[in-house]
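Note sheet for the following structure.
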Amino acid sequence: MLEKRLRFAPSPTGPLHIGGLRTALYNYVISKNQKGKFILRIEDTDLNRFDKKAEKHINDSLEWCGIIPDESPKDPGKFGPYRQSERKSIYNKHIKKLIENGKAYFAFDSTEVLDQARKEKEKKGETFIYNWENREKFQNSLSLDEGTYRKFLEEKKYVIRFKSYDKSFNNDSILIEDQIRGKIKVDLKLLDDKILFKNDGMPTYHLANVIDDHLMKISDVVRGEEWLPSLALHWQLYESFGWNKPNFAHLPLILKPTGKGKLSKRDGQKFGIPVYPISWSDNDITFEGFKEIGFEKEAFINFISMIGWNPGNEKEIFELDELINQFTIERIIKSGAKYDYEKAKWFNIEHIKKISDKILIDEVQGEIKERFEDIIDIKKIKNIIEIVRDRVIFRKDIINEIKIIIEYNLLDLKENISKINLSKDLIELLVLFKNEIKKNKSTQILKNFYTNKLSQKEIKFGDGMKALRLCISGKVSGADLFSQINFIKNEILIQRINNSLKTINDKNWNS
Ligand code: GLU
C-alpha cells in the first residue's frame, strides 16, 4: 500500500490561528493513524502579503502543541525544498507544459482594462468572470494572432490563465469529490479562467499547491472549507497534467462564539478570547495565546480536536495518542462548529486533574514554602495539592488559590458574623474544639469530635460548620473545611479561633 502522506500548507501572511492549528492537527493525527508522514510546507508565493515573523509563529505553535512534522523547511526530507519561494524553477517547468498542451494561455490585459470590465458588469448587477464567454474580447494568446502575442510577450507584462472551459470540451460539467461532502457536480461554464502565474513571475497558490502536492506525493488533502470553491480548478489541474488526484476533505468552518459567522482574528479582541495557540505581537499590541493564558497544551489540543469532530460516543477527554488512534475523517462534521471558550476552560480543568500530584508538587513546593510556611504544615503539601487542583482553571492559579484557601482576616470575619446563627452553645463548642486541637489529635478525630458534639447539643450541622469556618477563615464558604484544618498548623488554628471568638464576643464590634 502507498504511504499516507498528509501536509499542512500555511501561507505565512500572519499569525497561525486556531483554524490553521486545527487543520494541522487533523492532518497530523490522520497521518499518524495510518503510520504515514506529516509534512509542513510553507506557501509563500504571495509576496505582497508575506510576513517574515509568521513562519516562526507557525513553527513555535506546532512545537508547543507537539505536532512535529516529519518533513519541513527546518527538517527537510527528500521532496524539498519545503518553501514555495524556493521552488520557482519547478513551477516554471510545469506551467510550460500546460501552455504547450493548450490548457493555459498568456493574458496581457492591464489592470485598468479589467477594472473597467468589472465595473460595467457590476453596474448591471452582474459579476465579472474572465472565461470562455468573453476571453475573445480581451488581449490573450487565444484571441491575438501568433505574431502579435509573441511580440507582446517580449514587450508587455503578462499573466498565465487556466482555460477552464471552451466549446471544444467534451463535457461542460465535471464531478468532483470531497470526503466530507460527497460528490459535487460543477458547471465548467461558470468557472473563471483563474490566474496560474502572476506578472511578478510567481505562481499563484492554485498552481503551486497542486504541483507540490503531486511532487511531494501527498495522499490526502485535508484543509479548511474556504478552499472548497477552488477544488474544481485543482481537479482540472490534476487532469490537465495527467496526474492521479489525492483524496480531498474540506473541514467545516469554525464559527464565532455567538454561532453566527466565521470566526475571524478580530474576534479575539472583540470577545476577549484567545485565537492564537501562542502569543503574537503586532506593532505595539501583544495578543496572548492559549499558552500564555495558562492552558495545558493537552487541553488545548483536546479542545481544538473537538471543534468539528467527535468520536461518536460520550468520550470527550483525549490525549494526543488517543486522538491518533480514534480519529477518522468519517466523523468530521459537515456544518460549522462554534468556538466556545468556556468549553476550552472546562477541558483545561479536566486535564489538570490528570497531572500527577508529584509533578504539581515539584512545581510549586518551593514557592509554597517560601510564602506560606508560617501558616501551613509543609509535610501536608500533598493534601493541599489534592484540594487545590480541583479548584483552579489554570495550573498557574494554584499558588493564588492556596493563598485564598488559607487566608484569614478580621475584616471578612466582621462582615460575615451577622450571616451566622451563633448560639451560646455553639460558642462554647468552639472553645472545646480549640482545646481539642491543642491535644494534637488527627483531623479525623477532630472532625468526629466536632460533629458528635453538634448532634449532642442539637445544633444544626450547617450552623456548626459555618461557625467553625468563620472562626478559621473569616469566611462562610470555601474549600472543604476539615481539609483546611488538616493542613493549617495547629498553633495558627488556635490563634485564629481565639481571635475570632474575641471579636465575636466583643459586644462593640459593630460600632
Ligand atoms: N496556503 C493555503 C492556506 O494558507 C493552503 C490551502 C491548502 O491546504 O491547500 O490556507
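The values are calculated or read from the model by the stated rules, or taken from the named source; none is laboratory data. Predicted, not measured: the structure shown is a model, and the values here were computed from it. Here Cβ is always computed from backbone atoms with ideal geometry, including for glycine, and neighbour counts include all displayed protein chains. We work out accessible area using only protein heavy atoms, side chains counted, and drop any ligands, DNA or RNA first. Shrake-Rupley method; radii C 1.70, N 1.55, O 1.52, S 1.80 Å.
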task = With the checklist (1) within 16 Å of the ligand (Cβ to nearest atom); (2) farther than 24 Å from Glu100 by Cα; (3) touching a Ser or Thr at 6+ places or on another chain (Cβ under 9 Å) in hand, flag the one item Leu196 doesn't pass.
result = (2)
Unique residue being within 25 Å of Leu6 (Cβ to Cβ), touching a residue at least 24 places away in the same chain (Cβ under 8 Å) and open to solvent by 20 Å² or more (accessible area, probe 1.4 Å) when the list is Gly308, Gly336, Gly312, Gly259 = Gly336
task = Tell me which residues, restricted to the stretch 395-409, are in contact (Cβ under 8 Å) with a residue 40 or more places away in the chain and part of a helix (DSSP H, G or I).
result = Arg395, Lys396, Asp397, Ile404, Ile405, Ile406
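Identify all residues within the stretch 169-200 that are β-branched (Val, Ile, Thr) and within 20 Å of Gly224 (Cα to Cα); write none if there are none. Outline the logic, then answer.
Our first condition is that a residue be β-branched (Val, Ile, Thr); within the stretch 169-200, this holds for 174, 176, 180, 184, 186, 195.
Selection gives Ile176, Ile180, Ile184, Val186.
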ask   = Are any residues in the stretch 245-268 at pLDDT below 95, more than 13 Å from the chain's Cα centre (by Cα), farther than 14 Å from Ser335 by Cβ and not in a loop (DSSP other than H, G, I, E, B), and if so, which ones?
value = Asp267
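Can you go through Ser61, Ser72 and tell me which one is closer than 25 Å to Thr286 by Cα and either buried (at least 18 other Cβ atoms within 10 Å of the Cβ) or within 14 Å of the ligand (Cβ to nearest atom) (or both)? Before you say what the answer is, go through the steps one by one.
Working: Ser72 fails: closer than 25 Å to Thr286 by Cα.
Result of the check over Ser61, Ser72: Ser61.
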message = Restricting to the stretch 21-34, name every residue that is out of contact with any helix residue (DSSP H, G or I) (no Cβ under 6 Å at 6 or more places or on another chain), open to solvent by 10 Å² or more (accessible area, probe 1.4 Å) and farther than 12 Å from Pro69 by Cβ.
response = Thr23, Ile30, Gln34
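Restricting attention to the stretch 143-171, report how many residues are among the basic types (Lys, Arg), closer than 19 Å to Ile95 by Cβ and either open to solvent by 70 Å² or more (accessible area, probe 1.4 Å) or without any contact (Cβ under 8 Å) to a residue 24 or more places away in the chain (or both). First the steps, then the outcome.
Here is the first cut: in the stretch 143-171, the residues among the basic types (Lys, Arg) are 150-151, 156-157, 161, 163, 167.
Next cut, closer than 19 Å to Ile95 by Cβ only: 150, 156-157, 161, 163.
Okay, now just the ones that are also either open to solvent by 70 Å² or more (accessible area, probe 1.4 Å) or without any contact (Cβ under 8 Å) to a residue 24 or more places away in the chain (or both), so 150, 156-157.
The total comes to 3.
Within the bounds of the stretch 35-50, is there any residue that is surrounded by 12 or more Cβ atoms within 10 Å (Cβ to Cβ), assigned to a helix (DSSP H, G or I), of a type outside the set (A, V, I, L, M) and modelled with pLDDT of 95 or more?
First pass over the stretch 35-50, keeping only residues surrounded by 12 or more Cβ atoms within 10 Å (Cβ to Cβ): 36-46, 49-50.
Retained after the next criterion (residues that are assigned to a helix (DSSP H, G or I)): 49.
If we keep only those that are of a type outside the set (A, V, I, L, M) as well, we get 49.
Filter once more, keeping what is modelled with pLDDT of 95 or more: none.
Within the stretch 35-50, not a single residue is surrounded by 12 or more Cβ atoms within 10 Å (Cβ to Cβ), assigned to a helix (DSSP H, G or I), of a type outside the set (A, V, I, L, M) and modelled with pLDDT of 95 or more.
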request  = Kindly provide the set of residues from the stretch 90-138 that are closer than 21 Å to Lys157 by Cα, of a type in the set (S, T, N, Q) and within 41 Å of the chain's Cα centre (by Cα), ordered by number.
outcome  = Asn92, Thr111, Asn131
query = For residues in the stretch 185-241 being over 33 Å from the mean Cα position of the chain (by Cα) and under 24 Å from Lys4 (Cβ atoms), which is most open to solvent (accessible area, probe 1.4 Å)?
reply = Glu239
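Within the stretch 1-17, can one find any residue that is open to solvent by 40 Å² or more (accessible area, probe 1.4 Å), within 15 Å of the ligand (Cβ to nearest atom) and polar (S, T, N, Q)? If you could, list the steps in order and put the result at the bottom.
If we filter the stretch 1-17 for residues that are open to solvent by 40 Å² or more (accessible area, probe 1.4 Å), which is where we start, we get 1-4, 11, 13, 17.
Going one step further and asking which of them are within 15 Å of the ligand (Cβ to nearest atom), we end up with 11, 13, 17.
When the remaining residues are screened for being polar (S, T, N, Q), the result is 11, 13.
Yes, the stretch 1-17 contains a residue that is open to solvent by 40 Å² or more (accessible area, probe 1.4 Å), within 15 Å of the ligand (Cβ to nearest atom) and polar (S, T, N, Q).
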remark   = Selection from the stretch 36-53 of residues of a type outside the set (Gly, Ala, Ser), more than 12 Å from the ligand (Cβ to nearest atom) and under 19 Å from Phe248 (Cα atoms) yields Lys37, Phe38
request  = Hey, could you check the stretch 199-242 for residues that are closer than 26 Å to Gly308 by Cα and assigned to a loop (DSSP other than H, G, I, E, B) and say which is farthest from the ligand (Cβ to nearest atom)?
outcome  = Ser219
note = Condition set without any contact (Cβ under 8 Å) to a residue 40 or more places away in the chain and among the β-branched types (Val, Ile, Thr), scope the stretch 76-127, selection most open to solvent (accessible area, probe 1.4 Å): answer is Thr127
query = Between residues in the stretch 446-458 that are under 19 Å from Leu422 (Cα atoms) and residues that are open to solvent by 50 Å² or more (accessible area, probe 1.4 Å), which pairs lie under 7 Å by C-beta distance while being six or more apart or on different chains?
reply = Lys453/Leu432; Leu454/Phe461; Lys457/Asp425
task = Name, by its number, the condition in (1) crowded, with 20+ Cβ neighbours inside 10 Å; (2) touching a His at 6+ places or on another chain (Cβ under 8 Å); (3) farther than 25 Å from Asn33 by Cα that does not hold for Phe290.
result = (2)
task = Identify, by number, the condition in (1) closer than 26 Å to Phe152 by Cα; (2) in contact (Cβ under 8 Å) with a residue 60 or more places away in the chain that Ser61 doesn't meet.
result = (1)
